[in-house]
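The values are calculated or read from the model by the stated rules, or taken from the named source; none is laboratory data. Worth saying up front: this structure is predicted, and the values here are computed from it rather than measured. Positions of Cβ are backbone-derived with ideal geometry, glycine not excepted, and every protein chain shown enters the neighbour counts. Note: accessible area is taken over every heavy atom of the protein model, side chains too, but ligands, DNA and RNA are not part of it. Shrake-Rupley method; radii C 1.70, N 1.55, O 1.52, S 1.80 Å.
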Amino acid sequence: MSHEKRSLEFWVLSAFFVLFVLFLYGPLSAIVILSFQGENGGLTFPLNGLSLHWFANLFERQAVGDFGGSFRRSFLLGAMVMIVTVVVSLLAGLAFRRRFLGATALFYLAVASLVVPSIIISLGIGVLFQQIGLRPSWYGSAFGAHLTWTLPFGVLIMFAVFNRFSPSYEEAARDLGASSWQTFAHVLLPMIAPSLIGVGLFGFTLSYDEFARTLMTAGTFNTLPLEIYGMTTNVTTPVLYALGTVTTLFSFLVIAATLGIIVWLGRRRTRG
């Protein structure tokens, strides 16, 4: 039995891929492992026993850090950003299906924030709120700052969806007597639902872990990324690793639930 000889390019690319995986998941794996340190364990290897002590410590009152409050703020902010991103991206995608005066300029204006450094946008929004007499807050100025990050991505995704969407389905529905609203609700929306769910997930995750655009706009109360950053200079126990493990697990659960919904919608549409 002959074996095909691998080329040098294959081994170089394989080595690069292995290094990429190690670089991507190595730090995360280290944090997960260290979060199971024993009660007398420290922030570095080797492990001093195994326990769930630091996970339980998350639910106790801390000398520094507000885990529960910062998590709730990040979750609510992410949910708000997700809803607005989905609605506005859908409306923008529908609007740009037809050419209108100023469409090109409006498109570039919508995605312009992607090329501006995030910290500059955060600083500008924070200063603007102070100048007009409004106190920066996570539900106000930070909410707007996050939308400057999520909306361009959502709009670009919906543009791609509608560019490959055939209008023949809508024409067939109208030929059968369906109104514009019925065509949208019963034909268009079910077909683009997986894409909308993807836009929502994208918007939530971008907002949930956003740091730079929140730094100058969150006001008095921190979101979770700001809280974790502040804790790195104060917390000297593995409770910080436990927090990282829990938030990472939460992110994976959100992604898994979203993929499950997309698969369920796909099977339902196929059966229908």
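Relative contact order for the range 114-272: what percent, with Cα pairs under 8 Å and sequence separation of 6 or more? Intermediate results must be reported in sequence, preceding the final value.
Working: 113 pairs, mean separation 54.3, N = 159.
It rounds to 34 percent for the range 114-272.
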Does the range 63-132 classify as rounded, prolate or oblate by the C-alpha gyration tensor (a ≥ b ≥ c root eigenvalues; a/c under 1.5 gives rounded; else a/b over b/c gives prolate, otherwise oblate)? oblate
Among P225, S180, I262, which residue has its Cα furthest toward the positive end of the charge dipole of the chain, with +1 on Lys/Arg Cβ and -1 on Asp/Glu Cβ? S180
Helix-only mean residue ellipticity at 222 nm for the chain, each DSSP H run of n ≥ 4 adding -39500 (n - 2.57), per residue, nearest 500: -22000 deg cm²/dmol
Most fluctuating of A172, A112, A193 in the GNM of the chain (C-alpha, under 10 Å) is A172
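Dividing the convex hull volume of the alpha carbon atoms of the chain by its residue count, what do you get in Å³ per residue? Don't skip to the answer; put the middle values down first.
On the way: hull volume 68.2 nm³, N = 272.
In the chain, the Cα convex hull volume per residue is 251 Å³.
Given a 1.4 angstrom probe, what's the average accessible area per residue across the chain, in square angstrom? The partial results should precede the final answer.
Working: 17000 Å² over 272 residues.
Result: 62 Å² of accessible area for each residue.
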Could you check which residue among V18, V239, V254 shows the biggest mean-square fluctuation in a GNM of the chain with a 10 Å Cα cutoff? V18
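Roughly to the nearest percent, how much of the accessible area of the range 8-128 is carbon and sulfur, given a 1.4 Å probe?
Details: 6180 of 8160 Å².
Carbon-and-sulfur percentage of accessible area, whole number: 76.
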The range 155-245: translational diffusion in µm²/s, Stokes-Einstein, Kirkwood Rh over Cα pairs, 10 °C, 1.306 mPa s: 93 µm²/s
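Treating only the Cβ atoms of Lys and Arg (+1) and Asp and Glu (-1) as charged, compute the dipole magnitude of the chain about its Cα centre; round to the nearest 20 debye. Before the final figure, lay out each step's value.
Numbers: 16 positive and 11 negative charges, 150 e Å.
In total the dipole reaches around 720 debye.
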Counting only protein heavy atoms and a 1.4 Å probe, tell me what percentage of the range 139-189's accessible area is made up of carbon and sulfur. 61 percent
First measure r as the distance between the Cβ atoms of T44 and Q130, then evaluate 1/(1 + (r/R0)^6) with R0 = 45 Å and state the FRET efficiency to the nearest 0.05. 0.60
Computed ³J(HN,Hα) along the range 212-223: with the Karplus parameters 6.51/-1.76/1.60, θ = phi - 60°, integer Hz and x for glycine or proline, the list is 4, 6, 9, 4, 9, 10, 6, x, 6, 9, 7, 8
Net +/- balance of residues flanking Q182 in space, Cβ distance below 11 Å, scoring K and R +1, D and E -1: 0
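Mean Kyte-Doolittle of at least 1.0 and a Cα length of 15 Å or more along the axis: which whole DSSP H helices of the chain meet both? Walk me through the intermediate numbers first.
Numbers: long enough: 8-34 (38 Å, 2.25); 67-95 (41 Å, 1.67); 118-131 (20 Å, 1.66); 141-163 (33 Å, 1.33); 189-208 (27 Å, 1.48); 239-271 (48 Å, 1.16).
For the chain, where a helix must reach 15 Å along its axis and average at least 1.0, the hits are 8-34, 67-95, 118-131, 141-163, 189-208, 239-271.
For the range 109-200, what Kirkwood radius comes out of the mean inverse Cα-Cα distance, in Å? Numbers along the way, then the final one.
Numbers: mean 1/r = 0.0626 Å⁻¹.
One decimal place: 16.0 Å for the Kirkwood radius.
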